[in-house]
Amino acid sequence: MKISLNWLRDYVDFDLSAQQIGSLLSDRGFPFESIETVGSDTVIDFEITSNRGDCLGHIGIARELAAATGKTIKLPKIELPTSERDCATMVQVEIAEPALCGRYTARVIEGVKIGPTPDWMKTRLEAVGLRSVNNVVDATNYAMMETGQPPHAFDFAKIDGAKIVVRKGIAGERITAIDGSKCDLNPAMLVIADKSRPVALAGVMGGLDSEVSDSTTAILLEDAHFAPLTVRTTSRKLGIKSDACYRFERVVDIENIDWASQRTAHLITMVAGGLAAKGVVDAYPQKPTAKTVSLRLSRLKALLGIEVKQSQVLAVLSALGLDPQAKAEDLLTCTIPTWRNDLYREADLIEEFARLHGFDKLPIQGRICIDVVSPDERQRLLGVVRNTLNAAGFYETISVTFVDDVIAKLFSGVDRAGHLAVTDVSRKSANLLRQNLIGSLAQCFRTNLHAKNADIDLYEIADTFKPAPGEKLPLQQTMVGIISQGDLRKIRGVIEAIARMLDRDAKVEFASAQLPWASAGAQVTINSIPAGFAGIASKEVLDALDIKNTSFAGAEIDFSVLGNMQAGAKKIKPIPRFPAIDRDLSIIVDEDKRWVDIETAVGKAAPKELENVNFVGIYRGKPVAAGKKSVTLSLRFRNDEGTLTHEMVDSFQNVILQQLAQSLDAQLRTA
């Protein structure tokens, strides 16, 4: 932002050099990039951060300089010559999109004469990098560089029906911008239209057909507030940049618009003559309420490390126009001026005090002391879960909390109405708070698959949000989401590994369940407590995600269930003194028999010497009959008091086989 010192003197008195002003404001958050001499003037180019749109004009910088030097800012006096005609009888304004246009003012100035710009105005504009066009256009540019509020002047005679409508573009509409760009409009763009056609791209650029020309005698002056995102979206889509859109993208002062409009009209009548119609047409759908923010002196001390008197804080914040009021010995309350959109919390006020008080006055220590704090239970559990999954070959992902309508319906079975959504226009497509992690992980799986990555095993630990009936806030749960290109056995394996890292004797069970995204689903219980779900992706899901020639299995486990397993001391057993004997059995059972049925039957006949039962594999085909399958399981036997003999294990095995035959009609496969 180029600032002319000659221009700046109109608003604040100072006897500092350009270098001193640059250094002073640099220390207060406005570093300068260069100082150059332009004729008899000196211009400083300041870097303005995106949250300080109020400083994209000379008055904004003057306000900061006045606060830094203890001076008082001087705003220009407005003496607007008016006619007897009432503006409200000459033009109408309709805001069809109040969410995108918070305020729109229109003034009519008649009897203007288009011509060259006076030297004083032309010189100042050229000093800050703007070329002269004509007296009316230059007056609007001058007002923008002065106030930071971009106005626009239409040729009033070219506004059909003397009516302004702020609406969305219509597919198929086209407008030629002032720079000659042919712009095809769509409903994502906000436009200024008259009775019959668009006449400007809201906040971006005016239309060529309604621009001020040598034949113009009446001006319709626009000053408005447009939503930053819609201006940025239109600008980027059309590839059009302007000084106006640069300012609207960084938020203009909605309360200052009428004053800025009066000032612009005053400048136009100064350089182009004419009279302004009385009054203004001011469409202001919803006036914002005043923001108040509290500040505790104790918190200021804690953050800055300095002792400050209440009177000092009051003086600094008053200089910034924050109207601080002492409510108690430790408490101040500030009313935030409408031009400061960046201030909304206590830390912001503390930062404001620090930068005006001087960062150089804050104490610096040669050594930083860091207190070491042991991790809490949640952090320990996160470490256990992450380490276990990483050791199993899984990679952690971090994805956004929002999903689109398709993913939401696909993985939850609930349409948009059953999800919580944000209304911010920044998220029009993917704006639903996710109810599970599987949808997000599936999208990551697809991305990796299409990138030709192999063995895709992913996990995410994050919150999910489900509407809670009768409650204002959703049910927010931390879940562990897991997805694998392998089969469901790998998913079960890592769930068991996590559970047994927390409880050596934890029992993980899968019971058949219906899941909206799975061809085969299961409810997961740990120690008989419902802990989540698991399943294999259905063909419908794979087709919707364009996943071909492979599939995935996934699961979600409630983090709080894992957390409850951490309680209590861990029991440690001595290393076994005597060897174990392993026996592998292949049994033929009906196709509908599940592993949990086999495991349960073994458990009924298991002697105390049976240490564990593991699934090995499934075989279908000759010589196994149709409708049957061969399941191989491994049994491990061990006696803590002596070495087992094969004869003893044979007897254990026979009892188990008898139970399997009785419970499942199972037969020992011998070929």
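The values are calculated or read from the model by the stated rules, or taken from the named source; none is laboratory data. This structure is a prediction, so every number in the text was calculated from the model and none was measured. Positions of Cβ are backbone-derived with ideal geometry, glycine not excepted, and every protein chain shown enters the neighbour counts.
Values as computed for the structure displayed
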read-out	value
Residue in region 363-386 that is farthest from L502 (Cα to Cα), counting only those that are touching a helix residue (DSSP H, G or I) at 6+ places or on another chain (Cβ under 8 Å) and surrounded by 12 or more Cβ atoms within 10 Å (Cβ to Cβ)	R378
Which numbered condition D503 misses (of (1) more than 22 Å from I598 (Cα to Cα); (2) within 35 Å of the chain's Cα centre (by Cα))	(2)
Residue in region 160-180 that is under 24 Å from R85 (Cβ atoms), among the aliphatic types (A, V, I, L, M), surrounded by fewer than 23 Cβ atoms within 10 Å (Cβ to Cβ) and modelled with pLDDT of 95 or more present	yes
Check on E47, free of Cβ contacts under 8 Å to residues at least 60 places away in the same chain and in contact with a Pro (Cβ under 6 Å, 6 or more places away or on another chain)	yes
Residues satisfying the stated conditions in region 460-471, i.e. under 30 Å from R446 (Cβ atoms) and either not in a strand (DSSP E or B) or not hydroxyl-bearing (S, T, Y) (or both)	E460, I461, A462, D463, F465, K466, P467
Any chance A276 is among the small types (G, A, S) and at pLDDT below 95	no
Strands (runs of 3 or more DSSP E) enclosed by region 472-590 - at least 2 residues per element that are touching a residue at least 60 places away in the same chain (Cβ under 8 Å) and in contact with a strand residue (DSSP E or B) (Cβ under 7 Å, 6 or more places away or on another chain)	475-484, 508-513, 553-558, 581-590
Strands (runs of 3 or more DSSP E) wholly inside region 152-253 containing at least 2 residues that are assigned by TED's automatic domain parsing to the domain that holds I95 and among the small types (G, A, S)	218-226
Enumeration of residues in region 596-636 that are among the small types (G, A, S) and closer than 15 Å to Q658 by Cα	A601, G603, A605, A606
Criterion (in a helix (DSSP H, G or I), more than 16 Å from I336 (Cβ to Cβ), of a type in the set (S, T, Y) and not assigned by TED's automatic domain parsing to the domain that holds V204) met by exactly one of S261, S318, S298	S298
Wholly within region 1-65, strands (runs of 3 or more DSSP E) carrying at least 3 residues that are touching a helix residue (DSSP H, G or I) at 6+ places or on another chain (Cβ under 6 Å)	32-38, 41-46
Residue among I575, I526, I598 that alone is loosely packed, with under 13 Cβ neighbours inside 10 Å and not polar (S, T, N, Q)	I575
Qualifying position, being in contact (Cβ under 8 Å) with a residue 12 or more places away in the chain, touching a Lys or Arg at 6+ places or on another chain (Cβ under 7 Å) and surrounded by fewer than 18 Cβ atoms within 10 Å (Cβ to Cβ), among G273, G239	G273
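Residues checked against (1) surrounded by fewer than 16 Cβ atoms within 10 Å (Cβ to Cβ); (2) among the small types (G, A, S):
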{"site": "G57", "(1), (2)": "no, yes"}
{"site": "L65", "(1), (2)": "no, no"}
{"site": "K74", "(1), (2)": "yes, no"}
{"site": "A96", "(1), (2)": "yes, yes"}
